[in-house]
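Novice: Please see the structure below; I have some questions.
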Amino acid sequence: MDPVPISKLKDHVGETVTLQGWLYNKRSSGKLHFLEVRDGVGVCQGVVFKGNVSPELFAAADHLAQETSLEVTGLVKEHGKIKGAFELDVTGLRVISAPVREYPITPKEHGTDFLMDHRHLWLRSRRQHAIVRVRHTIIKAVRDFFDGRDFTLVDAPIFTPNACEGTSTLFQTDYHGEPAYLTQSGQLYMEAAAAAFGKVYCFGPTFRAEKSKTRRHLAEFWMVEPEVAFLDLDGDMRLAEDLLAYVVDRVLTTRTEELKICERDATKLEHVKAPFPRITYADAIQLLNEHGHPEAKVGDDFGGDEETVISSQFDRPVIVHRYPMELKAFYFKHDASDASLALNMDVLAPEGYGEIIGGGQREDSLEKLEAAIEAHKLPRIAFEWYLDLRRYGTFPHAGFGLGIERTVAWLCGLGHVRETIPFPRMLNRLAP
């Protein structure tokens, strides 16, 4: 008899089936043992009634340890108390492997460091399982969104010879005797790809050597980065809000149970519909002045506290655009109406989750880009290939980066990004 996944039990009511999985929890009540079995896609209760099985099987069920891998056979029936759930009247049980010692993560409370040290086991818990499944859905929705709009996926390299966001946050390594860096972003390569394919995106890990211990930062995180030929800043903002609205709708539609497990108030996500409010950087400074930050002034960058104040004035993400050029990377295009401003935008998530998208329009003038590279004191030789994009058929273009981990934190209502990725890399953590 081929094993049946727990997610398909609804199709086998009244039939005898076999499940394969691990013992998640167990309790007993006289002549009954209740075995919670998880198989990676769901959790099912198996009811072992003393009158239905041999004395040996009933005794064995009473001594199963947490996380025993096993095979359970029984009759599928609807759960008596939980609508839409199904359980097994167990008639057979086979232990595949028993743990060699007591499972370290028990139903009691554990400290964060302990759980992170046992991250490889903590993933098996119901809450962590739900978070990873939401993450999977977010990534799938992102891909479906761009694929459905005729974007071409172009993979960007992990090793790069130059910085994209600034040299202070680079992880340097040796590349056959030459210095190389773990990528901060695939954007520069996507600009090259946009000249070949028009609409492109890359999706992969990026690295920042920031010595930061905030709840929003990781040393390694995943980012999707679209780039579109002949797109301006306004079009870029529309693309960003359409993507977020699409992703949120997918999660609300398909991950209701997982959001409940995370204790997420999903009603707050129902407001995430396009269009999003748009305010200029100058408007944001004024908003800060009016809401408890009178010291905020033009020229200041926004940290987590400032982003929280700004976003708390709206019930959905807010787009802040046209920051001072001095705060932004060399590749941003200047605003034609005010050269001191960049044609950039940040999307700030509500409820204090901060920037989840950053992007804007790129400088398409060869002369201005050369001047920007010199002004930022960047090594000209490392960017010759990038300048070629302006030498041979330059064109207006724009794009952005969406951080997956911050998006997962926001949609699941998590307090720290360490729970948003299976094996987080932080300032003080490289293992497991």
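Novice: Within the group 263, 258, which residue is more than 30 Å from residue 394 (Cα to Cα), out of contact with any helix residue (DSSP H, G or I) (no Cβ under 7 Å at 6 or more places or on another chain) and at pLDDT 95 or above?
Specialist: Selected residue: 263, the only one of 263, 258 that is more than 30 Å from residue 394 (Cα to Cα), out of contact with any helix residue (DSSP H, G or I) (no Cβ under 7 Å at 6 or more places or on another chain) and at pLDDT 95 or above.
Novice: Then there is this: Identify, by number, the condition in (1) open to solvent by 20 Å² or more (accessible area, probe 1.4 Å); (2) within 26 Å of residue 413 (Cα to Cα); (3) out of contact with any Pro (no Cβ under 6 Å at 6 or more places or on another chain); (4) modelled with pLDDT of 95 or more that residue 207 doesn't meet.
Specialist: Residue 207 satisfies every listed condition except (4).
Novice: Of the residues that sit in region 303-332 and are without any contact (Cβ under 8 Å) to a residue 40 or more places away in the chain and assigned to a loop (DSSP other than H, G, I, E, B), which one is most open to solvent (accessible area, probe 1.4 Å)?
Specialist: It comes out as 313.
Novice: Restricting attention to region 380-410, which residues are closer than 24 Å to residue 348 by Cβ and either assigned to a helix (DSSP H, G or I) or basic (Lys, Arg) (or both)?
Specialist: Residues satisfying the conditions are 404, 405, 406, 407, 408, 409, 410.
Novice: Can you name every residue in region 274-289 that is part of a loop (DSSP other than H, G, I, E, B) and in contact with a Phe, Trp or Tyr (Cβ under 6 Å, 6 or more places away or on another chain)?
Specialist: The answer is 277, and nothing else.
Novice: Show the residue pairs that are 6+ apart or on different chains and have beta-carbon atoms under 6 Å apart, the first residue being within region 272-292 and closer than 20 Å to residue 328 by Cα, the second being open to solvent by 80 Å² or more (accessible area, probe 1.4 Å) and hydrophobic (A, V, I, L, M, F, W, C).
Specialist: Hits for this filter: 285/298.
Novice: Of all residues in region 137-164, count the ones that are assigned to a strand (DSSP E or B) and either under 20 Å from the mean Cα position of the chain (by Cα) or buried (at least 17 other Cβ atoms within 10 Å of the Cβ) (or both).
Specialist: Counting residues in region 137-164 that are assigned to a strand (DSSP E or B) and either under 20 Å from the mean Cα position of the chain (by Cα) or buried (at least 17 other Cβ atoms within 10 Å of the Cβ) (or both) gives 2.
Novice: Which one of 263, 257, 270 is within 23 Å of the chain's Cα centre (by Cα), open to solvent by 50 Å² or more (accessible area, probe 1.4 Å), of a type outside the set (Val, Ile, Thr) and on the phi > 0 side of the Ramachandran plot?
Specialist: Selected residue: 263, the only one of 263, 257, 270 that is within 23 Å of the chain's Cα centre (by Cα), open to solvent by 50 Å² or more (accessible area, probe 1.4 Å), of a type outside the set (Val, Ile, Thr) and on the phi > 0 side of the Ramachandran plot.
Novice: Identify the residue in region 284-302 that is open to solvent by less than 40 Å² (accessible area, probe 1.4 Å) and out of contact with any strand residue (DSSP E or B) (no Cβ under 9 Å at 6 or more places or on another chain) and, among all such residues, is farthest from residue 342 (Cα to Cα).
Specialist: Among those that are open to solvent by less than 40 Å² (accessible area, probe 1.4 Å) and out of contact with any strand residue (DSSP E or B) (no Cβ under 9 Å at 6 or more places or on another chain), it is 293.
Novice: Here are some residues: 336, 382. Which one is of a type outside the set (Phe, Trp, Tyr) and open to solvent by 60 Å² or more (accessible area, probe 1.4 Å)?
Specialist: 336
Novice: Identify the single condition in (1) out of contact with any helix residue (DSSP H, G or I) (no Cβ under 6 Å at 6 or more places or on another chain); (2) more than 29 Å from residue 255 (Cα to Cα) that residue 93 does not satisfy, given that it satisfies every other one.
Specialist: Condition not satisfied by residue 93: (1).
Novice: Only one of these is more than 30 Å from residue 426 (Cβ to Cβ), of a type in the set (A, V, I, L, M) and within 29 Å of the chain's Cα centre (by Cα): 90, 76, 47, 37. Name it.
Specialist: 37
Novice: Consider region 351-371. How many of its residues are at pLDDT 95 or above and out of contact with any strand residue (DSSP E or B) (no Cβ under 8 Å at 6 or more places or on another chain)?
Specialist: 6
Novice: Still on this structure, please answer the following. So which residues in region 408-432 are out of contact with any helix residue (DSSP H, G or I) (no Cβ under 6 Å at 6 or more places or on another chain) and under 30 Å from residue 330 (Cβ atoms)?
Specialist: Hits for region 408-432 are 410, 425, 426, 427.
Novice: With respect to the numbered conditions (1) crowded, with 19+ Cβ neighbours inside 10 Å; (2) among the hydroxyl-bearing types (Ser, Thr, Tyr); (3) closer than 27 Å to residue 135 by Cα, which one is the sole condition not fulfilled by residue 281?
Specialist: (3)
Novice: For a quick check of your reading: which strands (runs of 3 or more DSSP E) sit entirely within region 165-273 and have at least 2 residues that are small (Gly, Ala, Ser) and over 20 Å from residue 147 (Cβ atoms)?
Specialist: The strands (runs of 3 or more DSSP E) meeting that bar number zero.
Novice: Let me ask you something else. Farther than 30 Å from residue 63 by Cα, touching a residue at least 12 places away in the same chain (Cβ under 8 Å), outside any strand (DSSP E or B) and in contact with a Cys (Cβ under 6 Å, 6 or more places away or on another chain): is that true of residue 134 in this structure?
Specialist: The answer is yes for residue 134.
Novice: Please work out which one of (1) out of contact with any Phe, Trp or Tyr (no Cβ under 9 Å at 6 or more places or on another chain); (2) under 29 Å from residue 130 (Cα atoms); (3) not in a helix (DSSP H, G or I) is the condition residue 292 fails and give its number.
Specialist: Here residue 292 meets the rest and fails (2).
Novice: If you take the residues in region 347-377 that are open to solvent by less than 60 Å² (accessible area, probe 1.4 Å) and out of contact with any helix residue (DSSP H, G or I) (no Cβ under 8 Å at 6 or more places or on another chain), which one is farthest from residue 403 (Cα to Cα)?
Specialist: If we take residues in region 347-377 being open to solvent by less than 60 Å² (accessible area, probe 1.4 Å) and out of contact with any helix residue (DSSP H, G or I) (no Cβ under 8 Å at 6 or more places or on another chain), then 371 is farthest from residue 403 (Cα to Cα).
The values are calculated or read from the model by the stated rules, or taken from the named source; none is laboratory data. Just so we're clear, the structure is a prediction, and the values are computed from it rather than from any experiment. So basically every Cβ, Gly included, is an ideal-geometry build from the backbone, and we count neighbours across all protein chains shown. The area values use the complete protein model at the heavy-atom level, side chains included, leaving out ligands, DNA and RNA. Shrake-Rupley method; radii C 1.70, N 1.55, O 1.52, S 1.80 Å.
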